[in-house]
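What follows is a single structure, written as structure tokens, with notes after it.
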């Protein structure tokens, strides 16, 4: 259950005492709510908290209880957590909500294996033995830009119509083809065909202009998180300054914001509030490196930067180290009190 490794990621609601025994067999980072905590409105209160903070809610009990409990919280498939229902006898594990994007289908199958039960998955593509495009996105760490287009792509898959996956990265395209080539009527190409009639497209691209304008309505864009932004900033620079500087660097390089995987800086900025606030709002990982580490990847040195930080440069070597890249995609860009450099992380095939 790779997606559910953090503490509290799986909230299990044992509606009756029989459910506690079943909950104890579920592996992963599980928080179990026994029956005595769910009385007098406790179930709805606990479920509301889990809906905000957990990746999956598992109800051991009747499906009707689960449906009535979660009904007020449901928004859309792009943000709702996975919801699973297990009967009190532990015979069936039902993927109830967010089967693909939320990972409920896979979680249901994994729980079923761990408790020796039968998984029940009703999403159309799975029922037909085909792959949904959401699973492709999850497997390869791709962010879906417009979730409304998922239905168009999956309908084409179900109707055995041509779905062309376009990715300029030869290594990633080969890996996607290996994983999904036999699970639908997919075609795999590095470029859009001149005549795109009769097909829908899945474009894997970090670039804003990566899809021809005339094909955008028939294209689901998947953004790979493969760029690292090395950031240097003056002490006290706020999150707005950092956001504006990064946005400028991305526009200049035609890179979508969703393709920023992490930001990187020098470790004296580990308590820089503006940097941390920016990363927290965006949900972006932050990596910090020592002056010695940065120095080993620095060719151009600034005496002023060396005086204030102990490193000859910050944003450029930080980007390289964060991306484990050999060269920069974009050299230092200065916007006010913030500097930004970009590096592209090499693609690593799935095991």
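The values are calculated or read from the model by the stated rules, or taken from the named source; none is laboratory data. The model shown is predicted, which means the values in this text are computed figures rather than measured ones. Virtual Cβ from ideal backbone geometry, glycine too; neighbours counted across all protein chains shown.
Report whether or not residue 111 is over 30 Å from residue 207 (Cα atoms) and modelled with pLDDT of 90 or more.
On the way: over 30 Å from residue 207 (Cα atoms): yes; modelled with pLDDT of 90 or more: yes.
Criteria met by residue 111.
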* **Number of the condition not met by residue 270 [criteria: (1) crowded, with 16+ Cβ neighbours inside 10 Å; (2) in contact with a strand residue (DSSP E or B) (Cβ under 8 Å, 6 or more places away or on another chain)]** => (1)
* To do: Working only within the range 223-254, note down all residues that are closer than 19 Å to residue 167 by Cβ and surrounded by fewer than 23 Cβ atoms within 10 Å (Cβ to Cβ).
  => 225, 226, 253, 254
* To do: Of the numbered conditions (1) buried (at least 21 other Cβ atoms within 10 Å of the Cβ); (2) over 18 Å from residue 76 (Cα atoms); (3) assigned by TED's automatic domain parsing to the domain that holds residue 16, residue 100 fails exactly one; give the number of that condition.
  => (2)
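Give the residues of the range 177-198 that are over 19 Å from residue 215 (Cβ atoms) and in contact with a helix residue (DSSP H, G or I) (Cβ under 7 Å, 6 or more places away or on another chain), sorted by residue number.
As a first pass, look at the range 177-198 and keep what is over 19 Å from residue 215 (Cβ atoms): 177-184.
Correct list: 179, 180, 184.
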* Given the conditions (1) surrounded by 18 or more Cβ atoms within 10 Å (Cβ to Cβ); (2) at pLDDT 90 or above, and given that residue 71 satisfies all but one, which numbered condition is not satisfied? -> (1)
* Could you look through the range 323-337, keep only residues that are surrounded by 15 or more Cβ atoms within 10 Å (Cβ to Cβ) and under 27 Å from the mean Cα position of the chain (by Cα), and pick out the one that is nearest to residue 265 (Cα to Cα)? => 323
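Test residue 161 against the stated conditions and say whether it is touching a helix residue (DSSP H, G or I) at 6+ places or on another chain (Cβ under 7 Å) and more than 30 Å from residue 23 (Cα to Cα).
Working: touching a helix residue (DSSP H, G or I) at 6+ places or on another chain (Cβ under 7 Å): no; more than 30 Å from residue 23 (Cα to Cα): yes.
So residue 161 does not fit the description; no.
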* Asked: Can we say residue 89 is exposed (fewer than 15 other Cβ atoms within 10 Å of the Cβ), at pLDDT 90 or above and in a loop (DSSP other than H, G, I, E, B)?
  -> yes
* **Complete set of residues in the range 163-173 that are over 21 Å from the mean Cα position of the chain (by Cα) and surrounded by fewer than 15 Cβ atoms within 10 Å (Cβ to Cβ)** => 170
